[in-house]
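Working notes for the structure below.
The values are calculated or read from the model by the stated rules, or taken from the named source; none is laboratory data. In this text, all values refer to a predicted model and were calculated from it rather than measured experimentally. Here the Cβ positions follow ideal geometry from the backbone for every residue, glycine too, while neighbour counts run over all protein chains shown. Just so you know, the surface numbers come from the protein's heavy atoms only, side chains and all, with ligands and any DNA or RNA stripped out. Shrake-Rupley method; radii C 1.70, N 1.55, O 1.52, S 1.80 Å.
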Amino acid sequence: MNTEAPHLDSQLSDEDSARANVYALIGRLFYDVPDSKLLAEIGSSGEAAGEPESGSLPSAWAELHGACKNALPDAVRQEYDALFIGVGRAQITLYTSRYIGGMSADKHLVRLREQLGIWGLGRRDRVFEVEDHISGLCDVMRYLIEHNQPLDDQKLFFNHFVYPGVMPFCEATVAANSADFYKKVAIFTRAFFEMENTALEMIE
């Protein structure tokens with residue numbers, strides 16, 4: 001995404017910094033296969049203290065943490081290619097407009113581009129992924145947070161363009177028979193977006 005315009009806010013709260021970092025991580029994991037360095041960084045990061053509640057974000061993080069510790073980069077690449085690239089047609093599309101109900105993917109994409117245009121955002125040169133790619137949506141949310149954009153704007157974008165497509169995408173990934181490592185990634189993503197949804201619903 002083109003993130004020229006507003007100045008980056010250096011006075012983010014710890015909570016917003018953590019939110020932005022999680023969006024960045026999720027975006028990176030779905031944009032391309034994680035290399036051995038990233039797998040090692042996640043695998044060596046701290047785990048939640050105690051026994052996390054099943055289905056919670058700490059529990060999902062613990063699962064992802066363990067998956068990264070034990071992951072073989074070549075196996076993760078093969079899984080990514082099988083799930084999201086495929087030969088002829090991928091098992092699962094990374095483009096979230098396909099999961100939005102009530103309107104065509106093309107119409108949803110037009111609305112997404114119009115909203116990004118209002119904020120002066122768009123694809124960078126030489127970026128071929130369409131704007132509704134899950135990584136692009138995470139990039140926009142990270143941008144809104146890091147540039148301290150109003151919570152109303154964050155909620156609008158999340159409710160209209162992120163949550164409705166990302167959650168079915170996660171469910172499809174979790175249900176895929178060939179998903180192993182990326183099942184853990186999708187479970188973590190789902191738990192984080194559920195937490196975001198709850199928090200943003202409190203904004204009036």
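Results, tabulated for the structure shown:
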quantity: Complete set of residues in segment 90-115 that are modelled with pLDDT of 85 or more and either under 21 Å from Arg190 (Cβ atoms) or within 17 Å of the chain's Cα centre (by Cα) (or both); calculated: Gln91, Ile92, Thr93, Leu94, Tyr95, Thr96, Ser97, Arg98, Tyr99, Ile100, His108, Leu112
quantity: Single match in Ala24, Ala20, Ala75, Ala5 (criterion: at pLDDT 95 or above and surrounded by fewer than 16 Cβ atoms within 10 Å (Cβ to Cβ)); calculated: Ala75
quantity: Any hit, segment 99-108, residues being within 20 Å of Arg28 (Cα to Cα) and either open to solvent by 50 Å² or more (accessible area, probe 1.4 Å) or in contact (Cβ under 8 Å) with a residue 24 or more places away in the chain (or both); calculated: no
quantity: Scope segment 189-204; condition open to solvent by 10 Å² or more (accessible area, probe 1.4 Å) and closer than 22 Å to Ala82 by Cβ; matching residues; calculated: Arg190
quantity: Conditions (1) modelled with pLDDT under 95; (2) charged (D, E, K, R); (3) under 20 Å from the mean Cα position of the chain (by Cα): number failed by Glu51; calculated: (3)
